[in-house]
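Q: Here it is: the structure, laid out below.
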Amino acid sequence: MPLVTIDIIKDVFTHDQKQEMIKKVTETMVELEGENLRQVTWVRINEVQQGDWGIGGHCLTADDVHALARGQAAA
């Protein structure tokens with residue numbers, strides 16, 4: 001039974017986007033494993049509080065991630 005865990009910063013993705021992640025990751029796993037394992041493929045999303053996630057020694061917030069997605073530098 002596969003379990004896929006996705007860690008994200010809280011307030012970056014909407015509920016609908018998280019549902020889409022779950023659906024697409026499940027589809028990808030089924031492509032690799034076969035249809036029979038669909039019903040036992042688990043996808044879990046963990047949300048980390050803003051500021052509790054860091055890259056290169058700098059804490060990131062949802063606003064920083066949104067800026068990066070727009071092609072701008074994080075604050």
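The values are calculated or read from the model by the stated rules, or taken from the named source; none is laboratory data. None of the values given here were measured: they were computed from a predicted structure. Heads up, the Cβs are rebuilt from the backbone with ideal geometry, glycines too, and the neighbour counts pull from every protein chain shown. For accessibility, only protein heavy atoms count, side chains too; no ligands or nucleic acids. Shrake-Rupley method; radii C 1.70, N 1.55, O 1.52, S 1.80 Å.
Q: Got a number for carbon plus sulfur as a percent of the chain's accessible area, 1.4 Å probe?
A: Numbers: 2880 of 5460 Å².
Answer for the chain is 53 percent, counting heavy atoms of protein chains only.
Q: While we're on this one: Over 13 Å apart: what share of the alpha carbon pairs of the chain falls there, rounded to a whole percent?
A: On the way: 1939 of 2775 pairs.
Result for the distance tail: 70 percent.
Q: Determine the sum of side-chain charges near Asp52: Lys and Arg each +1, Asp and Glu each -1, restricted to other residues whose C-beta is under 11 angstrom from that of Asp52.
A: -1
Q: Considering only the other residues whose Cβ falls under 12 Å of the Cβ of Val43, what net charge follows from Lys and Arg at +1 and Asp and Glu at -1?
A: On the way: positive: Lys18, Lys23, Lys24, Arg38, Arg44; negative: Glu20, Glu27.
After counting each charged neighbour, the total is +3.
Q: Please give the net charge around Ala74, taking every other residue with its beta carbon less than 9 angstrom from that of Ala74, where Lys and Arg add +1 and Asp and Glu add -1.
A: Working: positive: none; negative: Asp63, Asp64.
Net of charged neighbours comes to -2.
Q: For the chain, what is the calculated [θ] at 222 nm in deg cm²/dmol (nearest 500), taking -39500 (n - 2.57) for each run of four or more DSSP H residues and dividing by its residue count? Spell out each step's value before the answer.
A: Details: 2 runs with 27 residues, N = 75.
For the chain, the value works out to -11500 deg cm²/dmol.
Q: If you roll a 1.4 Å probe over the heavy atoms of the protein chains, what accessible area per residue do you get for the chain, in Å²? Display every interim value, and only then the final one.
A: Details: 5460 Å² over 75 residues.
That works out to 73 Å² per residue.
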